[in-house]
Amino acid sequence: MSTIYLDTEGDATQARSLIQTAVNREIASLELALRLARRRLAAFEQAYGVASERFIATMAAEDLAGGDDEYVQWAGEYRLLQRLEEKLEQLRGITYRDPDVL
């Protein structure tokens, strides 16, 4: 969890609102990217009958009809999904505090 303390010369409420709006937009963008990544992963999972977690842990390019290219695509999508989930978790964990309040 991260905490953002606002110490502004002007209207702290307005600054907080701007920051929260920007964070919320990024969250929405990440949620969309996650949905798209999950769809792309689902195509691989359906084609091979294997969950992506198992694919990463146990499979090699030789196990896929598309060989290296398909392996790189699937593995890349899986890694992308993980990074998107991490970023989303970080943003959702942000709290906002007035610096004068402990």
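Things worth noting here:
- Degrees separating the helix 67-92 axis from the principal Cα axis of the chain, which is the longest one: 20 degrees
- Among Leu88, Asn24, Ser2 - extreme Cα towards positive end, dipole of the chain, charges at beta-carbon: Asn24
- Charging the Cβ of each Asp and Glu at -1 and of each Lys and Arg at +1, and nothing else, the dipole of the chain about its Cα centre rounds to 300 debye.
- Sum of side-chain charges, Lys87 neighbourhood, beta-carbon under 14 Å (Lys, Arg +1; Asp, Glu -1): -1
- Coordinate range along principal axes, alpha carbons of the chain, Å, largest first: 61, 22, 19
- Acute angle (nearest 10 degrees) that the helix 12-48 long axis makes with the longest principal axis of the chain, alpha-carbon atoms: 10 degrees
- Here Ala42 and Asp98 are evaluated by their C-beta separation; at R0 = 41 Å the FRET efficiency comes out at 0.40.
Laboratory data are not the source of any read-out in this text; all were calculated from the coordinates shown. Bear in mind the structure is a predicted one, so any value in this text is a computation, not a measurement. Reconstructed Cβ throughout: ideal geometry from the backbone, glycine too, with neighbour counts over all protein chains shown.
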